[in-house]
Structures are given as C-alpha cells and as structure tokens.
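What follows is one structure encoded as structure tokens, with my remarks underneath.
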Amino acid sequence: MNVEVHWQSGLRFQGQGPSGHPAAMDAGTDVGGANSAPRPTELLLIALGGCTGMDVVSILEKMRTPPRSLSIQVQAERNPDHPRAVRKIHLTFTSEGVPETNLTKAVQLSLERYCSVAHSLSAQITTSAEARP
C-alpha cells in the first residue's frame, strides 16, 4: 500500500491513500500549528479503533448477533520525553444488543487474527527513508 502526504501550510499536512479519501493532520498552537485537524498519533489510535471496530461488527454479524450500537474507547499512554512514543494502549468496547460472550470473542478474534493495524503496532517494523531535493 502506498500513501502520499503533502504539506499544506504551517504544520498542516494532508495524506491520501488508495481509497482516495484525504486525511488532514495538524499540530497544536503550542508548537506552531493551527489546531485545524487531528494529530498524527491521534489518527494512529483512531485507525486502531476503526480497524477493530470493523472486524467486531463483521464477526458479530456472522455470529447472527449484530450490534444495535458499538463504541470503542482507545486510551493510550505515551512516553513523556521525545519522541513521545505510545507505550501502552487499552481498548474498551461498549455494545448494545450483543451477548457479552460474543462481544468478547469478536474482540479477541480481531486483535489476535484480523486487525492489520493492531498487528502492525505489535510488530517489529523496519522503517527507512531517503531525501530528494
């Protein structure tokens, strides 16, 4: 998968992937941004919640217990010093209309087998870069 990220102005950037939908990012005013969009780390956590949520809904539908509602709260703990990496993540799934055992099983399957974002966050990832003027 390839995505592109383009600088807009100040500390605002816009990314776009194969889906064609843009994702804006900005920094807070305390560090020179305009606070006009989510921070990159927020988007990372939102992606985790969205990825597991999509899996959970699909799994629950296959179990013939589709949810009436589903929300995922993602809590992250970051290192206090730069690069302020995320060091701990906790997800809380709240649903209506689903037996607890089915919800628990669906969450477990998502995190252990299906969610590519969760697997990427727990993997050793090799990152490389090059600069082209």
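Identify all residues within the stretch 56-76 that are loosely packed, with under 11 Cβ neighbours inside 10 Å and closer than 18 Å to residue 119 by Cα; write none if there are none. 75, the sole residue that qualifies.
One residue stands out among those in the stretch 96-127 that are polar (S, T, N, Q) and modelled with pLDDT of 95 or more: the one that is surrounded by the most Cβ atoms within 10 Å (Cβ to Cβ), which is 110. Of the residues making up the stretch 1-23, those that are of a type in the set (A, V, I, L, M, F, W, C), within 22 Å of residue 121 (Cβ to Cβ) and surrounded by fewer than 17 Cβ atoms within 10 Å (Cβ to Cβ) are 1, 3, 5. The single residue among 50, 33 that is assigned to a helix (DSSP H, G or I) and either surrounded by 13 or more Cβ atoms within 10 Å (Cβ to Cβ) or not aromatic (Phe, Trp, Tyr) (or both) turns out to be 50. Close contacts from the stretch 21-32, counting a first residue that is of a type in the set (Val, Ile, Thr) and a second that is outside any helix (DSSP H, G or I), with Cβ to Cβ under 7 Å and a gap of 6+ residues or different chains, come to 29/35. Going through (1) outside any helix (DSSP H, G or I); (2) of a type outside the set (A, V, I, L, M, F, W, C); (3) under 15 Å from residue 50 (Cβ atoms) one by one, residue 119 falls short only on (1). For beta carbons closer than 6 Å, sequence separation of 6+ or different chains, a first residue in the stretch 79-93 that is part of a strand (DSSP E or B) and a second that is among the basic types (Lys, Arg), the qualifying pairs are 86/78.
The values are calculated or read from the model by the stated rules, or taken from the named source; none is laboratory data. From a predicted model like this one, the values you see are computed outputs, not experimental measurements. Cβ atoms come from the backbone with ideal geometry, glycine included; neighbour counts cover every protein chain shown.
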